[in-house]
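A quick write-up on the structure given underneath.
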Amino acid sequence: MINKIVFPILIALVLLPIQLVVIPLISISNIIPNIVLIYVLLYSFRYGQIAGTIFAFFIGILYDTASSSLLGSGMFSFTLAAFIAGYFYKEDFKDILLNIHIFIFALLLSSFIFFLFYSVLGTEGIIVESNFSFITFALFSSVYNIIFALSLYLIPRNKL
Amino acid sequence: MKIIFRKIFNLSKEYILLFILLIISLIILTQSSNPEIKKIRRYAFASFAVWAEVLYSIVSTENSELNELQIENAKLMLEVNMMREFALENEELKSLLKFEITSDYNLIPAAIVAKNISSTQGLFIINVGIKDSIRKSMPVMNEQGLIGIVTEVSNDYSLVQTLTSSSLKISATVPKSNIQGVISWSGDVLVIRNIPTTADVNKGDRVVTSILSTIVPPSIPIGLVVERRSNISGLLSEIVVQPFVDVNSVKNVFVLSVVKSSQIDSLDLNLLSK
């Protein structure tokens, strides 16, 4: 219970201000990694689709309220991304990390879905120039996210 | 029957859960303009901002001398821009509007304590609020130009909707050709739509806030015209504007305490509350 719910929420509460205060400092032309998303996806990899989806939903509420973005856009995007990440769930979390190709693919796919929906749902009454710009944005953000997520490999395996 | 339902539920419970959660998210999303939801947002950002500022104070490197120079720079930029505007303005129009020259810009310096960088939801939290005389709808800028508008205010913090927010629409003008339009973020670029194709707008023309705006004072620089696109009918075109300010790399900003026009106030058009 504590390991599965309380600690993850506390960690997410720490990551949230870091995401909104520190991470923007490393933005490259509007593109930033999302460490809260990385954490939510890792949670989904570790605890499975149902637990991951519910966790992501609540983290989405926190994210929307803390970032003052449109309430619901983060909830939707986090939930969907975590659900997709849940397909790559392995009983032993280390198995996912050992297979780096699968790990990168799973992160890329889930992050892409997150950034795409978060951007699209955040549009309020605008005429979208081209949907391609959203796709490009989501793709670049996902790649940046993966580069960030790969820092996990710097942590000794026995600590994971 | 019950067994069949149970089997179906067991087989697809993940999908049912996902469906329910997504529906809840969408319902909340559609209610985002509800006053109650806005109230929640206001309290949430104000409480979060306290924690964000603690973290900000750890990572930031404040320099008071630099801040003062930036304020000076911003004031000079506004004055220069106003002068440029006046040089282009018609004397008759000036006398008609009884437009007064003012150089008394009250700039309130602020630091950005948190940012939400997204392709459509550009938002900042700044460390000034009601107690610093900040009010809703005040423009936020730096020494280069306009950054956004204050949309929510708490006692100590304010929420700023930046130029990269799709919900921010500002009345803008190209002073050289006196073309008026509404500038907004398209998710990719700043665009002024529905400009007559015959209008004399060229690449490199300056775009500033318009006198028609009931929120932002006139002549605050926004950006430069970088492209002009015609629509399918060929009658109207849209202007792509490159903002002067790289909104996402900004650290310190100024809130402009607007000197309101008494005429606009008397018409009850000014959105700023008295």
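The values are calculated or read from the model by the stated rules, or taken from the named source; none is laboratory data. Just so it is clear, the structure is predicted and the values come from calculations on it, not from any experiment. Cβ: placed from backbone, ideal geometry, glycine included. Neighbour counts: every protein chain shown.
Quick notes on this one:
- Applying the set (1) part of a helix (DSSP H, G or I); (2) in contact with a strand residue (DSSP E or B) (Cβ under 6 Å, 6 or more places away or on another chain); (3) of a type in the set (Gly, Ala, Ser) to A:Ser69 leaves exactly one unmet item: (1).
- Strands (runs of 3 or more DSSP E) wholly inside segment B:107-199 that include at least 2 residues being in contact with an Asp or Glu (Cβ under 6 Å, 6 or more places away or on another chain): B:190-196
- Criterion (within 14 Å of chain A (Cβ to nearest Cβ), surrounded by fewer than 20 Cβ atoms within 10 Å (Cβ to Cβ) and not aromatic (Phe, Trp, Tyr)) met by exactly one of B:Val182, B:Val150: B:Val182
- First in segment B:231-259 and closer than 21 Å to A:Ser29 by Cβ, second anywhere and at pLDDT below 80, Cβ under 7 Å, 6 or more apart: B:Asn248/A:Asn30; B:Asn248/B:Ile117; B:Asn252/B:Asn67; B:Asn252/B:Gln70
- When A:Val14, A:Val40 are checked against the criterion of being surrounded by fewer than 23 Cβ atoms within 10 Å (Cβ to Cβ), more than 8 Å from chain B (Cβ to nearest Cβ) and either in contact (Cβ under 8 Å) with a residue 40 or more places away in the chain or over 21 Å from A:Leu107 (Cα atoms) (or both), a single residue qualifies: A:Val14.
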